[in-house]
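Report on one structure; see the data block that follows.
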Amino acid sequence: MKNLSFVTVCAVAMVAAAVLLSEAPSAEAVTCSPLQMSSCLSAITSGSPPSSQCCAKLKEQKPCLCGYLKDPNLRQYVNSPNARNVAAKCGVSLPKC
């Protein structure tokens with residue numbers, strides 16, 4: 001009888017784990033590539049309003065922004081007043097790195 005109870009408990013635990021894992025949101029990895037931000041270049045350099053594609057890419061690349069800020073070649077673009085305006089207009093808060 002003890003073996004049957006143990007098997008039942010194990011089976012219930014495995015089913016519960018399977019249900020929890022199947023409903024867990026899957027996080028997609030972001031590929032950090034400054035080229036992904038090319039749709040924002042004109043808004044950042046000229047101060048023009050950002051396009052919807054720019055905002056989508058900015059939101060997608062948000063986890064990469066600290067890395068971009070640390071890169072001396074990219075810092076001037078990511079940290080510029082126009083870049084901050086673009087981020088604000090897209091509803092993206094710039095991270096504190």
Legend entry - Scattering curve values for segment 34-90, log₁₀ I(q)/I(0), Debye with Cα scatterers, q = 0.14 Å⁻¹: -0.29
Inset, instruction - Quote the accessible area belonging to residue 77 in square angstrom, nearest 10, computed with a 1.4 Å probe and with ligands, DNA and RNA left uncounted. - result: 100
Legend entry - segment 34-90 - percent of accessible surface contributed by carbon and sulfur, probe 1.4 Å: 55
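The values are calculated or read from the model by the stated rules, or taken from the named source; none is laboratory data. The shown structure was predicted, so the numbers you read here are calculated from the model rather than taken from an experiment. Remember, those area values only see protein heavy atoms, side chains included, never the ligands or the DNA or RNA. Shrake-Rupley method; radii C 1.70, N 1.55, O 1.52, S 1.80 Å.
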